[in-house]
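Engineer: Below are the structure tokens for one structure; questions will follow.
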Amino acid sequence: MKTPDTLFATPRDHIVDFAFDASVASVFPDMIRRSVPGYGEIIALTGLLAERYAQPGSRCYDLGCSLGAASLSMRRRIPHADCSIIAVDNAPAMLEQARANLEQAPGTVPVELRCADVREVDIEDASVVVLNFTLQFLEPAERLPMLQRIHAGLRPGGILVLSEKLMFANEQEQDFNTAMHLAFKRANGYSELEISQKRTALENVLIPDTREQHEERLRWAGFQRSECWFRCFNFASFVAFK
Ligand code: GEK
């Protein structure tokens, strides 16, 4: 059974910036499912995207893999045994749990776990690269160089799957989506205290962009085309084609 997320349930005198430490790793599946509308769909459908776009003998990357959900989904679906998956995260507590999850569900495609910063990982001979709710944690100025490196490391015909929390330039759109996200978290049992303490902890750490910023940046990075293939309130996933 998933350990329930109660990390922000009791009042804190001082809220420090959110960190992916052992306490987060232990409740992560429950936390992300209750906080990100559409997370389960995005994970499952990432497997289908990998099934279609993984090329024989190529590498698939899961950058900011957390507990390895997207890697597991890709491994279930990739039809080429000579592919490999490289799953990267810089939080040792998250990777430790990812290792245990991957060992419990063996598959034919090998998965290499790397404890590293995604900004420093060489992307080579790739057909599928997944950035599932990770780009939003990089400094805004570091986002374009990251996408450029991914584009350079992809084979022709390869794809980037980019999932992110969105913000909106239009005030009414922002208000509607913020309100519905709040309703989603309340409906999943989070209290007002938990919601507001977590918001404070994430304030300086998770900086969202608008859909237009993402689409423009993907073009600047060299992708010939991108599509927003999934959206639920203020969460979206794009697929960008090389
Ligand atoms: C999923 N993709 O379940 N280098 C490496 N890892 C990083 C970096 C960095 N510079 N910055 C953040 N991370 C996952 C969910 S969670 C999203 C991704 C969330 C890692 C960080 O340690 C964490 O594990 C992950 O990116 C973000 O499909 O919690 O909202």
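Engineer: Find the centroid of the Cα atoms in region 30-105 and in region 160-208, then give the distance between the two in whole Å.
Structural biologist: Region 30-105 and region 160-208 have Cα centres separated by 24 Å.
Engineer: Given R₀ = 35 Å, FRET efficiency for R225-E192 by Cβ-Cβ distance, to 0.05?
Structural biologist: 0.25
Engineer: Using the Kirkwood radius over C-alpha pairs as Rh, can you work out the diffusion coefficient of region 125-173 via Stokes-Einstein at 37 °C, viscosity 0.692 mPa s, in µm² per second?
Structural biologist: Value of D from the Cα-based Kirkwood radius: 270 µm²/s.
Engineer: If amide H atoms are built 1.01 Å from N in the plane of the peptide, which residues on other chains or at least 5 residues away come under 5 Å of the amide H of F230?
Structural biologist: S237
Engineer: Name the residue, out of P208, P37, P106, whose mean-square fluctuation peaks in a Gaussian network model built on the chain with Cα pairs under 10 Å.
Structural biologist: Of P208, P37, P106, the most mobile in the Gaussian network model is P106.
Engineer: Follow-up. In region 76-115, with Lys and Arg counted as +1 and Asp and Glu as -1 at Cβ, which of these residues, A98, P79, V111, has the Cα nearest the positive end of the dipole, that is, farthest along it?
Structural biologist: Sorting the options by dipole projection puts first P79.
Engineer: Right, something else. Report the calculated FRET efficiency for T210 and D117 (r = Cβ-Cβ distance, R0 = 30 Å), to the nearest 0.05.
Structural biologist: According to the calculation, E is roughly 0.70.
Engineer: Oh, and also: Measure nothing fancy, just the Cα-based angle from helix 140-153's long axis to the longest principal axis of the chain, in degrees from 0 to 90, nearest 10.
Structural biologist: The angle comes out near 20 degrees.
Engineer: Also: Under a straight-distance cross-link criterion of Cα-Cα below 18 Å, which aspartates and glutamates are reachable from K185, leaving out those fewer than 8 residues away in the same chain?
Structural biologist: D5, D30, E41, E164, D175, E194, E203
Engineer: Give me the angle, in degrees from 0 to 90, between the Cα long axis of helix 22-35 and the longest principal axis of the Cα atoms of the chain, rounded to the nearest 10.
Structural biologist: 90
Engineer: So for the chain, taking the charge dipole from beta-carbon charges (+1 Lys/Arg, -1 Asp/Glu), which of G47, S163, N188 sits furthest toward the positive end?
Structural biologist: Value: G47.
Engineer: If you take every DSSP beta bridge fully contained in the chain, what fraction is antiparallel? Give it as a percent rounded to 5.
Structural biologist: 40
Engineer: Then there is this: In degrees between 0 and 90, to the nearest 10, how far off the longest principal axis of the chain does helix 192-202 point, with axes built from Cα atoms?
Structural biologist: Helix 192-202 sits roughly 50 degrees off the main axis of the chain.
Engineer: Where the Cα atoms of the chain are projected onto their three principal axes, how long is each span, largest first, in whole Å?
Structural biologist: 51, 42, 28
Engineer: Hey, got a sec? Which chymotrypsin sites (Phe, Trp or Tyr not before Pro) in region 148-216 land in a DSSP loop and have at most 15 other Cβ atoms within 10 Å?
Structural biologist: none
Just so you know, all these numbers are worked out from the coordinates, no wet-lab data involved. Just so you know, these numbers come straight off a predicted model, no measurement behind them. A quick note on method: Cβ atoms are made from the backbone with ideal geometry, for glycine too, and the neighbour counts reach across all protein chains shown.
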